[in-house]
Amino acid sequence: MLGHLVGLVKVRVLRGVNLAIRDLCSSDPYVVIRMGKQVNFRFRTSSSSSSSQFLVRCPDATAALIRLVCRFSGFYFLWWKEKLKTRVIKKTTNPEWNDELTLSIEDPEVPIRLDVFDKDTFIDDAMGNAELDIQPLVEVVKMKLQGVPENTVVKKLVPNRQNCLAEESAIRISEGAVKQDMVLRLRNVECGEIELQLEWIDIPGSKGV
């Protein structure tokens with residue numbers, strides 16, 4: 001079932017800076033991320049009495065297959081469509097989330113889409129969006145670097161008209177993993193930046209990069 005995946009990207013959404021005001025004098029912001037068309041499943045094994053759960057994310061075309069497998073493999077199907085989103089932080093335009101959201105990667109050429117919203121009672125207001133390209137991160141993963149000093153910077157990316165970077169972004173080796181720190185300038189909004197970190201995670205049994 002994992003043969004179509006090349007790996008995972010853990011997105012640590014750290015904070016927002018100078019986000020747009022959508023309420024009287026502040027906002028209640030949260031972030032939603034997605035990559036192409038993905039359906040997210042949450043399961044729990046029928047033999048487990050604990051509440052521990054795990055997520056499997058896949059394209060729409062694989063959804064029916066997963067639901068069929070669940071019926072015959074001892075899994076409880078809890079719910080099957082879920083947005084990957086941060087917590088809502090109340091009454092601030094400089095929220096501190098520090099939330100981790102994990103995306104499964106089938107095609108590294110598909111950019112990650114990030115949207116910021118203001119939580120309201122009826123309709124959530126848009127607060128800008130951005131896209132990020134994970135291909136530079138994948139290029140460093142393909143190097144399979146080993147034995148390099150901690151926090152070695154392998155590659156740097158600079159802001160330009162083709163990306164949403166607000167400042168230089170470094171891809172480095174940290175704790176044996178390939179990570180990328182970045183600050184994204186939001187589009188289609190009057191102001192706002194999002195600080196986040198990407199981390200590549202290999203999946204045993206996947207086809208890899």
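The values are calculated or read from the model by the stated rules, or taken from the named source; none is laboratory data. This one's a predicted model, so the numbers in the text were calculated from it and none came from an experiment. Counting neighbours? That spans all protein chains shown, and the Cβs are built from the backbone with ideal geometry, glycine included. What goes into the accessible areas is simple: the full protein's heavy atoms, side chains included, and nothing from ligands, DNA or RNA. Shrake-Rupley method; radii C 1.70, N 1.55, O 1.52, S 1.80 Å.
A single entry from Asp181, Asp115 fulfils the requirement of being out of contact with any His (no Cβ under 6 Å at 6 or more places or on another chain) and free of Cβ contacts under 8 Å to residues at least 24 places away in the same chain: Asp181.
Listed here are the residues, each with its yes/no results for (1) touching a Gly at 6+ places or on another chain (Cβ under 9 Å); (2) modelled with pLDDT of 50 or more; (3) among the small types (Gly, Ala, Ser).
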site	(1), (2), (3)
Leu55	no, no, no
Trp80	no, no, no
Thr86	no, yes, no
Lys91	no, yes, no
Glu100	no, yes, no
Ser104	yes, yes, yes
Pro108	yes, yes, no
Asp120	no, yes, no
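Against the list (1) open to solvent by less than 60 Å² (accessible area, probe 1.4 Å); (2) at pLDDT below 95, the condition Val189 fails is (2).
A Cβ distance below 6 Å, combined with a sequence gap of six or more or placement on separate chains, defines the contacts here; from the stretch 158-172, residues that are under 16 Å from Leu186 (Cβ atoms) reach residues that are assigned to a loop (DSSP other than H, G, I, E, B) and at pLDDT 95 or above in the pairs Leu165/Pro159. Picking from residues in the stretch 82-114 that are part of a loop (DSSP other than H, G, I, E, B) and of a type in the set (Val, Ile, Thr), the one that is surrounded by the fewest Cβ atoms within 10 Å (Cβ to Cβ) is Thr92. For the stretch 124-178, a tally of residues being among the aliphatic types (A, V, I, L, M), buried (at least 17 other Cβ atoms within 10 Å of the Cβ) and under 27 Å from Thr92 (Cβ atoms) returns 5.
Of all the numbered requirements in (1) out of contact with any Asp or Glu (no Cβ under 7 Å at 6 or more places or on another chain); (2) farther than 19 Å from Asn98 by Cα, Glu195 misses one, and that requirement is (2).
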